[in-house]
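Structure first, commentary second.
The values are calculated or read from the model by the stated rules, or taken from the named source; none is laboratory data. Nothing here was measured: the structure is a model prediction, and the numbers come from that model. To get the accessible areas, we keep the full protein, side chains included, count just its heavy atoms, and leave off ligands, DNA and RNA. Shrake-Rupley method; radii C 1.70, N 1.55, O 1.52, S 1.80 Å.
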Amino acid sequence: MNYTEEQKSQFIQEFAKRKKRQLYIVLPIVFAAIAALALSEKGEISLAGIPAEAIGPVFFGVIAAAVVFSLINWRCPAC
């Protein structure tokens, strides 16, 4: 399919927006994973008074939500 230069420019702008949104979701998860790894190596069993048994399922729920968001966010802007 042939696109006009204006459409191509819009696709590039839309891709930049999607890339920025993706960073907003990925960076906090990466930092949380690093913090969880650091705490597990120290033998900590809680984070801010919240037991590890509660943190794990919440973390995996957040990861699942991030995956769903990524699948929706990364659709081709030209499609």
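Backbone phi angles across the stretch 17-30, fed through the Karplus curve with coefficients 6.51, -1.76 and 1.60 (θ = phi - 60°), yield HN-Hα couplings of 4, 5, 5, 5, 4, 5, 5, 4, 8, 6, 4, x, 5, 4 Hz in residue order; Gly and Pro are listed as x. By a 1.4 Å probe calculation restricted to protein chains, Leu71 has an accessible surface near 130 Å², given to the nearest 10.
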